[in-house]
Amino acid sequence: MSRTGVCSSDLDRGPALRHAPRQLTARATSWAVDALRHDDTTVSAIARHLGVAWDTCWSAIKADAQTRIAEPDRLKGIKTIGVNEYIWRPSKITSTDKAVTVMVDRTRDEHGCLQARLLDAVQGRPGKVYADWLTEHGVDVKVTVEHAALDPFRGYANAIRDELPDAVAVLDAFHVVKLAGQALDEVRRRVQQQTLHRRGHKDDPLYEVRRTLLTGDEHLTDRQRERLDTYLPIGDPNGEVEVTWSVYQQVRSIYHAESRSTGRKLAEKLLDTLHTCPIPEFKRLGKTLRRWREEILAYFATGGVSNGGTEAINGVIEKTRRLAHGFRNFTNYRIRILLAADGSRPYRRRPPITPEPC
């Protein structure tokens, strides 16, 4: 050992050997991939634990992950599929480059439990992207899909119709209620402008209840009902906001009915009459929902298929992007989110609640 702390044998080997790149063993690589799949961690943290550079760590993880992702059995047995769009790189670049379409398996197990898993992510938002993905994976996916949940985007509906003719397309219940909430908010803002000739301020009556208006009637507290009774007559002299709030609650009641048959009857009645509403915002909403009539009513014939599991997967994707502080390479982004949301994490089942004895 020399005074500099470097072994003399290392000096004799020359700079080429002293700076040779290190490689991870198969066991270390497997551990690193499993850490990204099961834990909310980063490549930098794994590299620090293993004592290697980031490039060395990611090269080993990437090769192993691509092998796991390419397994043909991963896309078999899909009976319910969900699709959604997502922004993977928020920036000022074109929407084609920053949008991504994600496909999610929402098939329930033999116990009726749903554990959504990410199937794939393809760059781009048009319906053709979804159709091309279905075509690329061929019979293994197409012949087993029975239900397809989607957002109110006609491109995805056309892709399901062309590529999955035997599958039942179902419009997501959350987005139906969201459309009604947006129409209600548009009415509130219009009435605000017509009565006070400006946008809402802190102490304006309609601005005071803007959040309360979007709360379900069954969740309103006594204080919230008192606020509605106090501020609506002042800020809504013609009763337009009050009427549209009532219609918004009717849209919500479709999915909170006592039975599927009751919910379907309420939905059919609303679809047949809403487009005749004299309030322009809800008249437009009624026309939109009529165009999606078949997909909306399919919710009640499929046992309540929705895109809820897809939205949950989006939460895992967003967490992964935040942990990495963003991505610049789509290939690396796709691998990371497929590892984090492939359904391999243990399913968190809530233990049954046993009441304490009196």
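When only the Cβ of Lys, Arg, Asp and Glu is charged (+1, +1, -1, -1), the dipole of the chain relative to its Cα centre reaches about 960 debye.
Straight-line cross-link reach from K283 at under 29 Å between alpha-carbon atoms covers these lysines, not counting any fewer than eight positions away in the same chain: K178, K265, K269. In the chain, taking the dipole from charged Cβ atoms about the Cα centre, the farthest positive-side position among G326, H137, Y231 is held by G326. Averaging the sequence gap over all C-alpha pairs within less than 8 Å and six or more residues apart, then dividing by the number of residues, gives the chain a relative contact order of 19 percent. Working from Cα pairs under 8 Å separated by at least six residues, relative contact order for the stretch 85-227 is 13 percent. With all projection directions averaged, the alpha carbon convex hull of the chain covers 29.4 nm². When each of the peptides 117-125, 285-293, 48-56 is scored by how many other beta carbons lie within 10 Å of its residues on average, the order from highest to lowest is 117-125, 285-293, 48-56.
With respect to the chain, whose longest principal axis is taken over its alpha-carbon atoms, helix 173-196 is tilted by about 60°. Every helix of 4 or more DSSP H residues in the chain counts as -39500 (n - 2.57), and over all residues that averages to -17000 deg cm²/dmol at 222 nm.
Taking K and R as +1 and D and E as -1, what net charge do the other residues with C-beta under 13 Å from the C-beta of L220 add up to? Every neighbour counted, the sum reads 0. With the simple spin-label model, which puts each label point 7 Å out from Cα in the Cβ direction, the R322 to I69 separation comes to 2.3 nm. One compactness figure for the stretch 234-289 is 1.22, namely its Cα radius of gyration divided by 2.2 N^0.38 Å. What the Cβ-Cβ distance of S59 and H137 gives, at R0 = 30 Å and to the nearest 0.05, is a FRET efficiency of 0.60.
Using a 7 Å offset from the Cα along the Cα-to-Cβ direction at both S44 and D109, what is the distance between the two label points in nm, to one decimal? Once both label points are built, they end up 3.6 nm from each other. Placing a label point 7 Å from the Cα of E218 along the Cα-to-Cβ direction, the residues of the stretch 293-327 whose backbone N falls under 19 Å of that point are 299-301, 303-308.
Cross-link reach is defined here as a Cα-Cα straight distance under 22 Å, omitting same-chain residues fewer than 8 places apart; for K319 the lysines meeting it are K62, K92, K98. Each of V243, T302, P205 was scored by the projection of its Cα onto the charge dipole of the stretch 186-341, and the greatest displacement toward the positive side belongs to T302; charges sit on the C-beta of Lys, Arg, Asp and Glu.
Taken over the stretch 81-216, the ratio of Cα radius of gyration to 2.2 N^0.38 Å equals 1.39. Solvent exposure of the stretch 200-323 amounts to 55 Å² per residue of accessible area, where only protein heavy atoms count and the probe is 1.4 Å. Counting only Cβ charges, +1 for Lys and Arg and -1 for Asp and Glu, the dipole size of the stretch 119-201 around its Cα centre is about 960 debye. About its Cα centre, the dipole of the stretch 100-140 is roughly 240 debye, where the only charges are +1 on Lys and Arg Cβ and -1 on Asp and Glu Cβ.
For the pair R190 and N332 in one chain, pulling the backbone fully straight at 0.36 nm per residue adds 46.6 nm over the alpha carbon distance. Here the chain exposes an accessible surface that is 51 percent carbon and sulfur, computed with a 1.4 Å probe and the other protein chains kept in place. Does anyone have the angle between helix 127-142 and the longest principal axis of the chain? Alpha-carbon axes, 0 to 90°, nearest 10? Result, in degrees: 70. Taking the C-alpha atoms only, the angle from helix 240-254 to the longest principal axis of the chain is near 60 degrees.
The values are calculated or read from the model by the stated rules, or taken from the named source; none is laboratory data. Keep in mind that this is a model prediction, so the values were computed, not measured. So basically every Cβ, Gly included, is an ideal-geometry build from the backbone, and we count neighbours across all protein chains shown. Calculation scope for accessible area: heavy atoms of the full protein, side chains included, ligands and nucleic acids excluded. Shrake-Rupley method; radii C 1.70, N 1.55, O 1.52, S 1.80 Å.
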